[in-house]
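**Q** I have a structure I would like to understand better, so I am pasting it below and will then ask my questions one at a time.
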Amino acid sequence: MKAYQETLSFLGTLNLKGIATSLDEIVHDAEIRRLSYITFLNTLFTTEISYRIKRRVERNMTGAHFPIIKRISDFEFGRIKGIGKSEAVNLLDCAWIDNKENLLFFGPPGIGKTHLAIAFGVAAVEKGYSVSFERIANLIKLLKTAEIQKKSEYRIRKIMKSSLVVIDEIGYTAIEKREANLFFNLISEMYEKLSIIITSNKSFENWAEMMGDSVMTTALLDRLLHHARIFNLDGESYRIKNQKKEG
C-alpha cells in the first residue's frame, strides 16, 4: 500500500492525472494479462495521452463560446436547398481549415445557417482545432471596448489565435461606419491566417448598404471570397415548420 501511495504521489508531482485516474484499472489488467514491462509502459503513456487530448477538447469546446452544441447528423438536409448531406459530411474532415478556406452561408432566417456553422465548428474542436464563435453584435462590442476593457482585449486575442472563427448573424442589425471599419480591420488581420465561417441573411449586393461604405465593403468581400466556399441556402423556415406542426 505504501508503494501504491508513493506511485500516486509521483504521478501527482509529474502532473500525470490521466494515469493516476486509471491506475487501479491499468495495474489490475496488467496483472491478469501478464503484460510485459514495455507493454505496461505503453499502456500508461497511451492512457495519459488520451486523457490530455480529451481534456484539451473539453477546454477548447468551452473556450469556443458556442451558444449550444449542434451536429451535422441532426441537420434536416431535405428541408433546404443549397447544400447536400454528402457535401457537408465531406467538410467534416476540416481540410479546408488547413488550407485557410472560409465557409460562407447566406439565406433567410430560420433555415439552419447557425446550426451548420456551429456543427462545423464543433467538428473542428473535436479534431483538435481551436475555434471561436461570436455573433456579430457581440463581436462589434468586443472590438469597440478592446482598448479599455481587459476582458474584451483578452477575447479578441483569443479569437486571433484561433484556427477557425465563426461570425454569426451578419445583417440582422445595422452597423455604424466606425464599427464597419473595426470589422474590416479584423477581417484584414485574419486574411490567409485562419479560416472564417460567416452566416448572413443578406446577399453580397446588400452588404455595401449595411456597412455604409461601398469601397470598404468591396475590399472586405475580396478578402472573404478569395479562399471561400459559398452556400446560398433556401427553403422553409425550421421555426415556421415547427409552429405548423404544433398548430
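**Q** Can you send over the carbon and sulfur percentage of the accessible area for the stretch 1-81, probe radius 1.4 Å, protein chains only?
**A** In the stretch 1-81, the share of accessible area belonging to carbon and sulfur is 58 percent.
**Q** Give the label of the value calculated from the structure for mean projected area of the Cα convex hull in nm², choosing from (i) 19.2; (ii) 13.1; (iii) 14.4.
**A** Label (i) holds the value from this structure.
**Q** On the accessible surface of the stretch 99-214, probed at 1.4 Å, how many percent belong to carbon and sulfur atoms?
**A** 49 percent
**Q** May I pose another question? Largest first, how would MET160, MET210 line up by accessible area (1.4 Å probe)?
**A** Sorted descending by solvent-accessible area, the residues read MET160, MET210.
**Q** Can you tell me the 0 to 90 degree angle between the C-alpha axis of helix 177-190 and the longest principal axis of the chain, rounded to 10?
**A** Approximately 40 degrees, to the nearest ten.
**Q** So for the chain, averaging the separation of alpha carbon pairs under 8 Å that are six or more residues apart and normalising by length, what relative contact order in percent results?
**A** So the answer I get is 24 percent.
**Q** Just need the relative contact order of the stretch 109-233 here, percent rounded to a whole number, with Cα pairs under 8 Å and 6+ apart.
**A** Computed over the stretch 109-233, the figure is 26 percent.
**Q** Could you report the accessible area of ARG33 in Å², rounded to 10, computed with a 1.4 Å probe on the protein chains as they sit in the structure?
**A** Spelled out: ARG33, probe radius 1.4 Å, area about 150 Å².
**Q** Tell me, what ³J(HN,Hα) does each residue in the stretch 52-64 have, in order and in whole Hz, if you take phi through Karplus 6.51 cos²θ - 1.76 cosθ + 1.60 with θ = phi - 60° and put x for Gly and Pro?
**A** For the stretch 52-64, the Karplus curve yields 5, 5, 4, 5, 5, 4, 5, 5, 5, 5, 5, x, 5 Hz.
**Q** Calculate one ³J(HN,Hα) per residue across the stretch 85-94 by plugging θ = phi - 60° into the Karplus curve 6.51 cos²θ - 1.76 cosθ + 1.60, and present them in order as whole Hz with x for glycine and proline.
**A** Here the 3J(HN,Hα) series is 4, 5, 5, 5, 4, 4, 6, 5, 6, 6 Hz.
**Q** Which of LYS141/LYS193; LYS85/LYS151; LYS17/LYS144 have a Cα-Cα distance over 31 Å?
**A** Exceeds cut-off: LYS85/LYS151; LYS17/LYS144.
**Q** Leaving out ligands and nucleic acids, note down the accessible area per residue over the chain with a 1.4 angstrom probe, in whole Å².
**A** 58 Å²
**Q** Something else: Out of the DSSP beta bridges found with both residues in the chain, what percent are antiparallel (nearest 5)?
**A** So the antiparallel bridges in the chain amount to around 10 percent.
The values are calculated or read from the model by the stated rules, or taken from the named source; none is laboratory data. Treat the numbers as computed from the prediction; the structure is a model and nothing was measured. Areas reflect the complete protein model, heavy atoms only, side chains present, ligands, DNA and RNA absent. Shrake-Rupley method; radii C 1.70, N 1.55, O 1.52, S 1.80 Å.
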